[in-house]
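The values are calculated or read from the model by the stated rules, or taken from the named source; none is laboratory data. This structure is a prediction, so every number in the text was calculated from the model and none was measured. Here the Cβ positions follow ideal geometry from the backbone for every residue, glycine too, while neighbour counts run over all protein chains shown. With ligands, DNA and RNA removed, areas are computed over all heavy atoms of the protein, side chains included. Shrake-Rupley method; radii C 1.70, N 1.55, O 1.52, S 1.80 Å.
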Amino acid sequence: MNIGESSGDVALVNVTGNGQLNMDIDLNVGHTGGATGTMYAQDDAVVSAGTLYVGKNGNAVGTLHLEDNA
């Protein structure tokens, strides 16, 4: 799953409360050059992935915010 996949993309994902985002594949927050991805996990949210990348390739920008018990 890509949050901000390619050049010029700006993407945001929020996982809050008791929300869950579960996958066995890669989770890319800011995947390739020029993409911007942001993810917030708050409260008791759960995020799990095969591999987590934040700002994966080139000049991609990724930001991961963890708050409370997330």
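Work through the residues other than ALA49 whose Cβ is under 9 Å from its Cβ and net out their charges, Lys, Arg +1 and Asp, Glu -1.
On the way: positive: none; negative: ASP24, ASP26.
Every neighbour counted, the sum reads -2.
In the chain, a dipole from Cβ-located charges (positive for Lys and Arg, negative for Asp and Glu) runs towards its positive end, and of THR38, ALA60, GLY17 it is ALA60 whose Cα lies farthest in that direction.
Can you pull the percent of the chain's accessible area that's carbon plus sulfur, 1.4 Å probe, other chains left in place?
Working: 1700 of 3890 Å².
Roughly 44 percent of what the probe reaches on the chain is carbon or sulfur.
Can you give the net charge of the other residues whose Cβ lies under 14 Å from the Cβ of GLU67, counting K and R as +1 and D and E as -1? Taking every Cβ under 14 Å from that of GLU67, the sum is -3. Just the Cα atoms of the chain, one point each, no solvent: what log10 I(q)/I(0) does Debye give at q = 0.15, 0.16, 0.26 Å⁻¹? For the chain, the Cα-only Debye profile gives -0.43, -0.48, -1.04. Here the gap between SER7 and ALA49, fully extended at 0.36 nm per residue and compared with their Cα-Cα distance, gives a gain of 12.8 nm. Which residue fluctuates the most in the chain, going by a Gaussian network model with Cα springs under 10 Å, if the choices are ALA49, ALA35, ALA60? It is ALA49. Taking a sphere under 10 Å around the Cβ of ASN2 and counting the other residues whose Cβ falls inside, with K and R at +1 and D and E at -1, yields a net charge of -2. The alpha-carbon atoms of segment 14-53, seen along their principal axes, cover 32, 20, 8 angstrom, with the largest extent given first.
How big is the charge dipole of the chain about its Cα centre, in debye rounded to the nearest 20, if each Lys and Arg gets +1 on its Cβ and each Asp and Glu gets -1 on its Cβ?
The dipole of the chain has a size of about 240 debye.
Between GLN42 and ASN57, the distance separating the two model label sites (each 7 Å from Cα on the Cα→Cβ line) works out to 3.2 nm. For the chain, the relative contact order comes to 35 percent (Cα pairs under 8 Å, sequence separation of at least 6).
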